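The values are calculated or read from the model by the stated rules, or taken from the named source; none is laboratory data. Just so we're clear, the structure is a prediction, and the values are computed from it rather than from any experiment. Please note: Cβ atoms are built from the backbone with ideal geometry, for glycine as well, and neighbour counts cover all protein chains shown. Only protein heavy atoms, including side chains, enter the accessible area calculation; ligands, DNA and RNA are left aside. Shrake-Rupley method; radii C 1.70, N 1.55, O 1.52, S 1.80 Å.
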Amino acid sequence: MAGNDRKVKVAARRLFLAAAILFFISGSMFAGPAVRLGVEGAFTSQSIFEQSSAEFNGALFAEFSRNYLCPWHLGAGVRVNSFTVDDLGYLLAAPEVKAIYLKSFSPRFGLIGDIGAGYFISNVAEIDDGFYARFAAGFVYMPLPVFNIRFTVSSMPVKTPTDESFMNFGAGIGVTYLFGFPDSDRDWIADDIDTCRKTPRGAKVDAKGCALDSDGDGVFDGLDKCPDTPYEAFVNSTGCPTDSDNDGVFNGVDKCDDTPENIKVDSYGCPKD
């Protein structure tokens with residue numbers, strides 16, 4: 001009887017691993033070019049046999065979506081769960097698949113929820129292998145379109161030494177990086193909404209991807225080392241005003257640009273009499 005149980009567990013484990021591999025392949029083939037890679041971790045306190053201890057739950061995962069704007073993602077990865085019982089530490093690993101919904105309500109913030117399933121694989125006699133379900137919800141901070149930080153509250157399931165499943169809730173944090181973001185000029189404005197696709201690298205841009213020039217000197221903000229140049233003053237390639245006669249009045253504003261040295265000048269750069 002024990003041998004049959006073991007065969008069933010091995011078959012279930014292999015079946016789930018095959019499903020996870022198939023999930024990865026189908027995601028890469030049909031989900032499109034938007035692929036996110038990420039890590040996450042969560043902590044909680046638990047009580048087993050009237051003993052309190054800390055539990056850590058972490059994962060390395062990939063997410064696939066049709067494009068970078070699609071709020072629905074398909075995810076798959078490997079989850080680990082670490083906890084203690086009677087001062088003994090346990091570590092379980094599990095392949096996991098999940099569905100994620102990430103909805104932005106501003107360029108920097110959004111909400112996230114996910115639900116998934118996995119199969120914990122144990123290498124200790126006191127803890128059995130087993131399937132589990134998991135869900136999480138929280139909010140997302142996106143400092144860049146390709147990078148997000150997720151703050152979530154999630155369930156943290158494992159199998160106890162008494163072979164009774166239990167579920168904790170923990171708070172955690174995760175980060176992901178998006179591959180496949182369409183941004184040919186690297187200004188963090190996607191090509192499908194970028195109206196100025198040849199912006200120089202490093203220039204600050206508006207919401208449509210066009211370079212800003214706050215002082216109107218022809219050198220874009222972000223590349224301009226003197227961003228408060230007076231109007232009409234001539235500037236060099238770094239955006240700083242020039243003064244060929246060194247009289248303190250910039251070229252372009254200076255109406256007498258060949259004033260001899262040590263001569264006092266007026267606001268137009270011309271010698272005083």
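Quick check on Ala203: is it assigned to a loop (DSSP other than H, G, I, E, B), buried (at least 16 other Cβ atoms within 10 Å of the Cβ) and of a type in the set (A, V, I, L, M, F, W, C)? In short, yes. Taken together, the residues in the stretch 120-136 that are small (Gly, Ala, Ser), modelled with pLDDT under 90 and not in a loop (DSSP other than H, G, I, E, B) amount to 2.
Within the span defined as the stretch 215-222, every residue fails to be at pLDDT below 85 and loosely packed, with under 14 Cβ neighbours inside 10 Å. Could you list all residues from the stretch 199-212 that are touching an Asp or Glu at 6+ places or on another chain (Cβ under 6 Å) and not β-branched (Val, Ile, Thr)? If the condition is that a residue be touching an Asp or Glu at 6+ places or on another chain (Cβ under 6 Å) and not β-branched (Val, Ile, Thr), then Lys204, Gly209, Leu212 are the ones that fit. The C-beta contact set for the stretch 233-262 (first residue over 11 Å from Asp217 (Cβ atoms), second residue β-branched (Val, Ile, Thr) and part of a loop (DSSP other than H, G, I, E, B), distance under 6 angstrom, 6+ apart or interchain) comprises Asp245/Thr259; Asp247/Thr259; Asn251/Thr242.
Results for (1) out of contact with any Leu (no Cβ under 7 Å at 6 or more places or on another chain); (2) hydroxyl-bearing (Ser, Thr, Tyr); (3) more than 30 Å from Ala94 (Cα to Cα), shown as yes or no for each residue.
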| site | (1), (2), (3) |
| --- | --- |
| Val146 | no, no, no |
| Ser155 | yes, yes, no |
| Gly202 | no, no, yes |
| Lys208 | yes, no, yes |
| Thr229 | yes, yes, yes |
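Look at (1) closer than 28 Å to Tyr141 by Cα; (2) open to solvent by 30 Å² or more (accessible area, probe 1.4 Å); (3) not acidic (Asp, Glu) and you find that Phe234 fails only one, number (1).
Pairs meeting the criteria (first residue in the stretch 204-221 and under 19 Å from Thr238 (Cβ atoms) and among the polar types (S, T, N, Q), second residue part of a loop (DSSP other than H, G, I, E, B) and open to solvent by 60 Å² or more (accessible area, probe 1.4 Å), beta carbons under 7 Å, at least 6 apart or on different chains) are Ser214/Pro227. Within this structure, Asp187 fails the test of being closer than 30 Å to Pro107 by Cβ, out of contact with any strand residue (DSSP E or B) (no Cβ under 7 Å at 6 or more places or on another chain) and of a type outside the set (Gly, Ala, Ser). Would it be correct to say that Ile173 is within 25 Å of the chain's Cα centre (by Cα) and open to solvent by less than 30 Å² (accessible area, probe 1.4 Å)? It is false that Ile173 is within 25 Å of the chain's Cα centre (by Cα) and open to solvent by less than 30 Å² (accessible area, probe 1.4 Å).
For the residues Phe139, Phe169, the requirement of being in a strand (DSSP E or B), of a type in the set (A, V, I, L, M, F, W, C) and at pLDDT 85 or above singles out Phe139.
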